[in-house]
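Remarks on the structure that follows.
The values are calculated or read from the model by the stated rules, or taken from the named source; none is laboratory data. In this text the structure is predicted, and so the values were computed from the model without any measurement. Here Cβ is always computed from backbone atoms with ideal geometry, including for glycine, and neighbour counts include all displayed protein chains. Areas reflect the complete protein model, heavy atoms only, side chains present, ligands, DNA and RNA absent. Shrake-Rupley method; radii C 1.70, N 1.55, O 1.52, S 1.80 Å.
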Amino acid sequence: MEIPESTLKKRTIELFATLPRSISNLEVARETGLSATWIQDFVHGRILDPSVNKVEHLYNYLSKKQLELV
């Protein structure tokens with residue numbers, strides 16, 4: 001069964017793409033507690049079904065706000 005790509009995943013990748021060049025994957029990794037390798041793999045689409053907890057955590061960091069479900 002193919003799982004459709006989530007809006008949260010897409011939006012998080014879009015937010016990552018808007019980071020200033022001066023902010024490295026390593027800095028994001030230090031700030032979030034996620035590994036730089038996981039972040040790199042995630043934003044380049046190499047993780048097909050990432051953990052929602054990790055994606056949400058990265059989204060919260062990048063958006064500078066907590067994800068709100070409505």
* Asked: In what sequence, highest mean first, do 18-27, 37-46 appear when ranked by Cβ atoms within 10 angstrom?
  -> 37-46, 18-27
* Mind pulling up the Rg/Rh value for the chain? Radius of gyration and Kirkwood radius, both on Cα. => 0.95
* Asked: At a 1.4 Å probe, what is the % contribution of carbon and sulfur to the accessible area of the chain?
  -> 52
* Name the residues whose placed amide hydrogens come within less than 5 Å of the amide hydrogen of Leu19, ignoring near sequence neighbours (fewer than 5 apart) on the same chain. => none
* Could you state the principal axis extents of the C-alpha atoms in region 28-67, from the largest down, to the nearest angstrom? -> 26, 19, 13
* In square angstrom, what is the accessible area per residue of the chain with a 1.4 angstrom probe? -> 75
* Asked: Top mean-square fluctuation among Glu14, Glu56, Glu31, Gaussian network model of the chain, C-alpha springs under 10 Å?
  -> Glu31
* How big is the charge dipole of the chain about its Cα centre, in debye rounded to the nearest 20, if each Lys and Arg gets +1 on its Cβ and each Asp and Glu gets -1 on its Cβ? -> 220
